[in-house]
Amino acid sequence: MQENRFQLAGYLATKPTLRYLPSSMPVANARLGQTYRFTRKEIPAEHTNWFSLVFYGDLATLAMELDKGTNLYIEGSFDQRPLTGPDQRKRYIYEVTVQKFFRIGRTSHEEAPAVPATLPPKNEAFSDERDSVRLEEEVPWPI
């Protein structure tokens with residue numbers, strides 16, 4: 001069995017735009033950037049990968065609530081579709097069709113919580129009970 005499953009995390013480059021198909025289904029498009037840092041010949045450098053995202057149906061409506069700079073985790077499929085350019089040459093567009101997405105942490109314009117989250121002291125006894133941790137209390141992923 002073949003699967004087309006794509007997962008990525010990054011920041012929205014722009015606020016999603018909304019349009020409608022002839023069938024009146026909403027479609028939102030956005031760009032997501034994923035930057036990583038590395039050292040080349042002892043000189044710090046960075047590279048950004050850009051991804052085109054497509055949200056269909058109810059996900060498109062939800063995507064319109066996202067802002068530029070929102071940190072997202074995306075699950076979807078990587079798709080290719082043909083496009084004939086103005087010079088009548090056939091080209092291909094590669095995009096991620098989003099099937100689910102989650103916000104990671106806070107957006108840049110949201111305020112930090114008044115009390116930072118802390119880890120339990122190291123000398124606490126081991127407990128079999130699993131504590132439910134809210135997403136807002138988790139430490140943001142390093143990017």
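Since every read-out is calculated from the coordinates, none of them should be taken as a lab result. For clarity, every value in this text was computed on a predicted model and none was experimentally measured. Reconstructed Cβ throughout: ideal geometry from the backbone, glycine too, with neighbour counts over all protein chains shown.
Spin-label point model (7 Å from Cα, Cβ direction): what's the ARG37 to GLN99 distance in nm?
A separation of 3.4 nm, rounded to one decimal place.
What percent of all Cα-Cα pairs in the range 1-107 falls in each 10 Å bin, counting up from 0?
Bin by bin from 0 Å, the calculated values are 13, 39, 31, 14, 3, 0.
With each pseudo-label sitting 7 Å past Cα toward Cβ, what's the ASN29-GLN2 distance in nm, one decimal?
About 2.6 nm separates the two model spin labels.
Would you mind calculating the gained length between SER77 and ASN49 on full extension (0.36 nm times residue separation, minus the Cα-Cα distance), in nm to one decimal?
Working: separation 28, 0.36 × 28 = 10.08 nm, distance 1.69 nm.
That works out to 8.4 nm of additional length.
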